[in-house]
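Heads up: the structure comes next, in structure tokens.
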Amino acid sequence: MNDNRLGASVSPYLRLHADNPVDWREWGPEAFAEARERDVPVLVSVGYATCHWCHVMARESFADPEVGALLRRDFVAVKVDREERPDVDASLMASASAFTQQLGWPLTTFLTPDGHVFFAGTYFPPSPVGQVPAFRQILAAVLDAWTERRHEVDANANAIQAAIRQGAVADRAARSGEGDAGAEPRLPAVDSIRAVTDQLAQAEDTTYGGLGGAPKFPSAPLLEFLADVAGDGDEAAAGLLDRSLDAIRRSELTDADGGVFRYATQRDWSVPHYERMLYDNAGLLAVAGAEQARGIADFLRDTLRRGDGAFVAAQDSESTIDGRRVEGEWYRLPLDERSRLDPPPLDDQVLTGWNGLAIRGLAIAGGRHGDDEILALARGAADALLAAHVTDGHVTVRSSTPRGVSAAAPTVEDVGLFAEGLLELALATGEVRYAEAARSLVDDGLAERFDVDPVLAAAGTATGEQPQTALRSGTVALASAAAVLTALTGDAAYRSASVRLVADRATTGTERPLGHADALGVALALQRPSREVVVVAADRADPIRAAARAARRPGTVVAVVTPTQASAWEAAGFELFASRAGLDPAAYVCHDRVCALPARSAPELATQLERAARPD
């Protein structure tokens, strides 16, 4: 009997497994109640729709009727889409780290009916390969432990649960400011943050470019941290950033259409892992030069953009050619030959947080390079998400597809990344409605209005957001947005909240920057002299607007508006724009919202910016 329950799922990844002979359930209390009633362990398999090795394990094991029969008889089997349920993925990853340091997807975990992990791994082949056992051997060993050594299972599960609970309690205390009479936590010193560039310089591959050896990832958060330090006057960081971006641009990691693959398997950036994620490309947009940014934006426009303007999550590494599913072959064809074949399928989820990251990258790139088409892409995505994923100023949808809206609750990733993206778009376009929406989201995020999954809550294994290596953290993005709101509104409470959110992460980042580079960048900005630049010019071609682009650096907020827009910002309660609509053109260079006399031309503004950039 096949009781697979994934056919009606919104998630494209879960639907890929709807025809398996495995009796898959979706994550939720019902699956664990069934396991409790039957007294069997729970297999939770985590992946995502464009994951190559997830496809491989599905073909090798989950499509096997004998494996399906084993799972039906002795387990409750649960499928989780890590994109749809990052909270579940983070919790299971934290538990899995007790068993392997080679974390990734597919993630294969075994849980008690109480929701506690007692064994975990990643991909398991159908037959043993070297020291890696076959999936059936894993199932047999887990079942033997469950039936013959239950006390060991419970002891392992309880120890892991206790460690996760302790870490989660510490994280919540840091976020809320508890533990030291509510005192504001201390940010790492600026010199300590800048010294991280020495660690990164030592990791530079001076032969092939980039950081580290094989496999090689674009590591957008690390590159953006280098951009932050470079903006603070560090020429070595600027050089490392430029060399790394150039290596990525010239290598096989960048496709002929401008899109960037997830990682390269070889040290020289060759033999890519061909899936293309929205978040990698969005993150690179924030630091890319004009040519590279244009190529990435074209890829987003032509491949990942939906008709309503929102962006889907990814494009698969595999395509079907001559009736076979193959990885990478379509991408290796010249562009003019690809059109005769079906392209690799898309992961058609629209994720609020990932779209926020794309909006941010497009807004930064469009503003920096004066590219109105790139800004239009950002505006289109923002409008689509505000219409479909936000209700009464609150993010209400994390994930949607053409088949409907996911029941998964929004997370800090959705609120933080979307708020930050909206603020960047507001500053680049002058449209206050985006800033008003962002302010509402930040207020929500700082109030921690996030639902905790009931299974994780009951098990005591809700970890909160874990450190990010490939994409910007939602927590850090929320902190960054709060810091910008401090400059725009004059409300110091936003700055205090920002410090609270990033202090511990940034302190950890001075020793272990991978996973915390984004927090380091925000911590640097929070400690630099607060400067605001407001440019008011009705003529969008006025050179004074272009001169303002040079002002972007840690601790500086730049807004470019028309006189009418300046009045709208003031009316919306953004104090930085009070009495700014009278002169046109005019540029105001301010320190903690105390402004110099307005500059009336691009040369005057450049002189003021140069003076403001000098060390204090």
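The values are calculated or read from the model by the stated rules, or taken from the named source; none is laboratory data. Not measured: the values here are computed from a predicted model. Neighbour counts run over all protein chains shown; Cβ positions are idealised from the backbone, glycine included. The area values use the complete protein model at the heavy-atom level, side chains included, leaving out ligands, DNA and RNA. Shrake-Rupley method; radii C 1.70, N 1.55, O 1.52, S 1.80 Å.
Which of (1) touching a strand residue (DSSP E or B) at 6+ places or on another chain (Cβ under 9 Å); (2) surrounded by fewer than 15 Cβ atoms within 10 Å (Cβ to Cβ); (3) in a loop (DSSP other than H, G, I, E, B) does residue 123 not meet, given it meets every other one?
Unmet condition: (2).
Please determine, by comparing only the residues of the stretch 197-227 that are of a type in the set (D, E, K, R) and open to solvent by less than 40 Å² (accessible area, probe 1.4 Å), which one is nearest to residue 275 (Cα to Cα).
So the residue we want is 216.
For the stretch 90-98, indicate whether the set of residues that are touching a residue at least 12 places away in the same chain (Cβ under 8 Å), more than 17 Å from residue 463 (Cα to Cα) and either part of a strand (DSSP E or B) or open to solvent by 10 Å² or more (accessible area, probe 1.4 Å) (or both) is non-empty.
No: zero hits.
Conditions: (1) within 23 Å of residue 239 (Cα to Cα); (2) open to solvent by less than 10 Å² (accessible area, probe 1.4 Å). Residue 287 meets all but one. Number of the miss?
Only one criterion is unmet by residue 287, namely (2).
What about residue 431, is it within 14 Å of residue 483 (Cα to Cα) and out of contact with any His (no Cβ under 6 Å at 6 or more places or on another chain)?
Judged against the criteria, residue 431 is not a match.
When the stretch 163-190 is examined, which residues are found to be open to solvent by less than 90 Å² (accessible area, probe 1.4 Å), at pLDDT below 90 and assigned to a helix (DSSP H, G or I)?
Within the stretch 163-190, 163, 164, 167, 168, 169, 170, 171, 173, 174, 175, 176 qualify.
Picking from 25, 59, which residue would you name as being in a helix (DSSP H, G or I) and open to solvent by 10 Å² or more (accessible area, probe 1.4 Å)?
Just one listed residue meets the conditions, 59.
Within the stretch 240-274, track down each residue that is assigned to a loop (DSSP other than H, G, I, E, B) and in contact with a Ser or Thr (Cβ under 6 Å, 6 or more places away or on another chain).
252, 269, 271, 274
Residue by residue through the stretch 101-120, note down the ones that are open to solvent by 30 Å² or more (accessible area, probe 1.4 Å) and closer than 25 Å to residue 262 by Cα.
If the condition is that a residue be open to solvent by 30 Å² or more (accessible area, probe 1.4 Å) and closer than 25 Å to residue 262 by Cα, then 101, 102, 103, 105 are the ones that fit.
From the residues in the stretch 444-486 that are assigned to a helix (DSSP H, G or I), more than 26 Å from residue 530 (Cβ to Cβ) and among the small types (Gly, Ala, Ser), which one is most open to solvent (accessible area, probe 1.4 Å)?
Filtering the stretch 444-486 for residues that are assigned to a helix (DSSP H, G or I), more than 26 Å from residue 530 (Cβ to Cβ) and among the small types (Gly, Ala, Ser), the one most open to solvent (accessible area, probe 1.4 Å) comes out as 458.
Check every one of the helices (runs of 4 or more DSSP H) wholly within the stretch 501-616 and list those with 2 or more residues that are acidic (Asp, Glu) and surrounded by fewer than 22 Cβ atoms within 10 Å (Cβ to Cβ).
Filter on the stretch 501-616 gives 602-613.
So is residue 441 more than 18 Å from residue 577 (Cα to Cα), in contact with a Leu (Cβ under 8 Å, 6 or more places away or on another chain) and open to solvent by 10 Å² or more (accessible area, probe 1.4 Å) or not?
Spelling it out, it is not the case that residue 441 is more than 18 Å from residue 577 (Cα to Cα), in contact with a Leu (Cβ under 8 Å, 6 or more places away or on another chain) and open to solvent by 10 Å² or more (accessible area, probe 1.4 Å).
Residues 232, 257: which one is of a type in the set (Asp, Glu) and open to solvent by 30 Å² or more (accessible area, probe 1.4 Å)?
257
Could you list, in sequence order, all residues of the stretch 105-140 that are on the phi < 0 side of the Ramachandran plot and small (Gly, Ala, Ser)?
Within the stretch 105-140, 120, 121, 127, 134, 140 qualify.
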